[in-house]
Amino acid sequence: MDRETRRPFAGGSEVWAAAPAVSDWTRRRWSSPLVRSAVCAAALVLPGGCADFVEVRSPLELDETEVDPAEDGEMLSRSALQSLAEAFGNLTVYGAWFTQEAWVGDSFPTRNEFGLRDVGPANAEHSGENWAPLHRALAGAQSVVAALEGEGEGLDLARAQLVVGWSILLMAESFCQGTVPEGPREPGPPASTEELATLAVEELRKARERAAASGYTGEGLDLGHAATVGMARAYLLAGEMEDAAAWSGEVPTDFVFHLPHADDPGSRQRLGNRVWAFTDERPSLVVPPHLRERADQGDPRIEYEDTGRTAQDGELPFYRQEKVTGWADPAPLTSGLEARYLEVEARGDPDEIREFVNERRSYAGREPLEAGLSAEELVRALLEEKASDHWLEGKRMGDLRRHGESLPGLRAAGSEYYKPRLGRVGGQTCWPVPAAEVLNNPRWH
């Protein structure tokens, strides 16, 4: 393939255009069989499918001169959003295992490393299912933004810009370090959590401004709110409490932003809900005891079934989650409810925390908090309610980064793993950058 005129847009089953080479290893991922349904990734949500989009001689090549940004912007930007949905699904599952939202009912040692909080940089699943899809989403969205800039401020540009910002935010929350491409075939240098959080704010601010320029109605309004909550979340991760509280207060409480999924048997890895994949296709997402106890006490936010059989590992009883019920279930990326949690935590006012926690406890049919709790106990109570409200929604990694071992429901470092033969729990609170990236990215040396 002529790299000067034919360059991949992003991985999975999306369309192709100019793509940054995050690393030699990542480029090899983009050339894998996973990219075969090249043009139709977003066609599931567009009238007429992909029949009239572009004529592609090879599913692995698209001459960038054949792409009209003005005409094809919606397909390109929705494909970028679908890439984020794929990456977010994997991060949600592995983050759930890592933070004890779920137990690892999987036989792979590489997946049990997440339950053990002892993830090695050579972990193949970590590299292929967390790092690579997230970087494909980021690199692809950057390419779409570059293609659409100068074509007017519209929803397509705002949508792609949102993917850039959220991809960087998720990297900042999940990984101990990260790297952001600086242009086509230009990998970025190592970046700290603080640097990534700052960059996420900058990119999400652009998304908010571009959503506003497209008209703050309908989808434009939703894109703007999603960018605003992302900014608040990034500020909170960076310890900028005043900014976090201010921006989260801008979002209405009834707002929800979903990432799309579809039940396409030929493309479930990319298009299907990954929580469902590890519930049904490979039953290894096990509801842990502390959350089953909440459900048994009447908390409607935690739903599970005792299947009476073992999980995929043949070892743990398979307590099956019932929050996600199929491949096509959309994934809530963020919401007004999350914004309220961010705002209350950022303000840190004990009275406000108590009032909000009691509101959520009342919703779950629980008694109000007892009097005389310390500030630390109130924050813990806040995080307990958040764990129920946002169960299996990919939010616990950021909470773990901010609160460490005090995160409710977390198995403490040094304690016995729930599969005792595998040893004791480690003390990681973030994931290492995969060795494949460090070895192949020249900016890392």
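The values are calculated or read from the model by the stated rules, or taken from the named source; none is laboratory data. Worth saying up front: this structure is predicted, and the values here are computed from it rather than measured. Every residue, glycine among them, receives a Cβ derived from its backbone with ideal geometry; neighbour counts consider all protein chains shown.
Could you say which residue among Gly220, Gly239 is more than 30 Å from Pro317 (Cβ to Cβ) and outside any helix (DSSP H, G or I)?
When all the criteria are applied, what remains is Gly239.
Report, by residue number, each residue of the stretch 330-343 that is among the hydrophobic types (A, V, I, L, M, F, W, C) and surrounded by fewer than 21 Cβ atoms within 10 Å (Cβ to Cβ).
Leu337
Are there any pairs with C-beta distances below 8 angstrom linking a residue in the stretch 361-372 that is farther than 19 Å from Asp296 by Cα to a residue that is among the basic types (Lys, Arg), with the two at least 6 apart or on different chains, and if so which?
Leu369/Arg354; Leu369/Arg361
Just checking, does the stretch 229-246 include any residue being on the phi > 0 side of the Ramachandran plot, out of contact with any strand residue (DSSP E or B) (no Cβ under 9 Å at 6 or more places or on another chain) and not hydrophobic (A, V, I, L, M, F, W, C)?
There is at least one residue in the stretch 229-246 that is on the phi > 0 side of the Ramachandran plot, out of contact with any strand residue (DSSP E or B) (no Cβ under 9 Å at 6 or more places or on another chain) and not hydrophobic (A, V, I, L, M, F, W, C).
Any idea how many residues of the stretch 405-425 are surrounded by fewer than 16 Cβ atoms within 10 Å (Cβ to Cβ), closer than 18 Å to Leu291 by Cβ and aliphatic (A, V, I, L, M)?
Going through the stretch 405-425 one residue at a time, the tally reaches 1.
Determine if the stretch 110-131 includes at least one residue that is outside any helix (DSSP H, G or I), within 24 Å of Arg402 (Cα to Cα), more than 16 Å from the chain's Cα centre (by Cα) and among the hydrophobic types (A, V, I, L, M, F, W, C).
Yes - at least one qualifying residue is present in the stretch 110-131.
Return only the number of the condition from (1) farther than 18 Å from Leu392 by Cα; (2) surrounded by 19 or more Cβ atoms within 10 Å (Cβ to Cβ); (3) of a type outside the set (S, T, N, Q); (4) in contact (Cβ under 8 Å) with a residue 40 or more places away in the chain that Glu242 does not satisfy.
(2)
Determine whether Ser362 is surrounded by 13 or more Cβ atoms within 10 Å (Cβ to Cβ), among the polar types (S, T, N, Q) and in a helix (DSSP H, G or I).
No: the conditions fail for Ser362.
Look at Ala146 and say whether it is out of contact with any helix residue (DSSP H, G or I) (no Cβ under 6 Å at 6 or more places or on another chain) and modelled with pLDDT of 95 or more.
No: the conditions fail for Ala146.
Do we have Ala139 as of a type in the set (Gly, Ala, Ser), buried (at least 24 other Cβ atoms within 10 Å of the Cβ), assigned to a helix (DSSP H, G or I) and out of contact with any Cys (no Cβ under 6 Å at 6 or more places or on another chain) here?
Yes; evaluated as a whole, the condition is true for this residue.
Is one or more of the residues making up the stretch 266-277 at pLDDT below 95, out of contact with any helix residue (DSSP H, G or I) (no Cβ under 6 Å at 6 or more places or on another chain), surrounded by fewer than 15 Cβ atoms within 10 Å (Cβ to Cβ) and not basic (Lys, Arg)?
Yes - at least one qualifying residue is present in the stretch 266-277.
Could you please give the count of residues in the stretch 404-419 that are farther than 22 Å from Phe88 by Cβ and either outside any loop (DSSP other than H, G, I, E, B) or touching a helix residue (DSSP H, G or I) at 6+ places or on another chain (Cβ under 9 Å) (or both)?
Number of matching residues: 11.
State yes or no: is Ala227 in a helix (DSSP H, G or I), aliphatic (A, V, I, L, M), buried (at least 24 other Cβ atoms within 10 Å of the Cβ) and touching a Gly at 6+ places or on another chain (Cβ under 8 Å)?
The answer is yes for Ala227.
Within the stretch 245-261, how many residues are buried (at least 22 other Cβ atoms within 10 Å of the Cβ) and in a helix (DSSP H, G or I)?
Looking only at that region, the number is 2.
I want to confirm something. Restricting to the stretch 82-103 and keeping residues that are under 15 Å from Val119 (Cβ atoms) and under 11 Å from the mean Cα position of the chain (by Cα), which single residue is surrounded by the most Cβ atoms within 10 Å (Cβ to Cβ)?
Val93
Do we have Glu367 as more than 24 Å from Leu259 (Cβ to Cβ), under 22 Å from the mean Cα position of the chain (by Cα) and not in a strand (DSSP E or B) here?
So Glu367 does not fit the description; no.
What single numbered condition from (1) under 19 Å from Leu337 (Cα atoms); (2) within 18 Å of the chain's Cα centre (by Cα); (3) without any contact (Cβ under 8 Å) to a residue 60 or more places away in the chain fails to hold for Ala232?
It fails just one condition, (3).
Kindly provide the set of residues from the stretch 394-436 that are among the acidic types (Asp, Glu) and modelled with pLDDT of 95 or more, ordered by number.
Answer for the stretch 394-436, where residues must be among the acidic types (Asp, Glu) and modelled with pLDDT of 95 or more: Asp399, Glu416.
Considering each of Leu155, Leu134, Leu116 in turn, give the residue that is surrounded by fewer than 24 Cβ atoms within 10 Å (Cβ to Cβ), closer than 30 Å to Gly409 by Cβ and not acidic (Asp, Glu).
It is Leu116.
Among the residues in the stretch 385-400, are any under 21 Å from the mean Cα position of the chain (by Cα), of a type in the set (S, T, N, Q) and either assigned to a loop (DSSP other than H, G, I, E, B) or closer than 30 Å to Trp131 by Cα (or both)?
yes
Residue check: is Gly215 surrounded by fewer than 16 Cβ atoms within 10 Å (Cβ to Cβ) and under 25 Å from Pro330 (Cβ atoms)?
yes
Looking at this structure, is Ala311 under 22 Å from Thr228 (Cβ atoms), touching a residue at least 24 places away in the same chain (Cβ under 8 Å) and crowded, with 19+ Cβ neighbours inside 10 Å?
No.
State the number of residues belonging to the stretch 169-188 that are at pLDDT 95 or above, of a type outside the set (A, V, I, L, M, F, W, C) and either in a loop (DSSP other than H, G, I, E, B) or within 14 Å of Pro432 (Cβ to Cβ) (or both).
4
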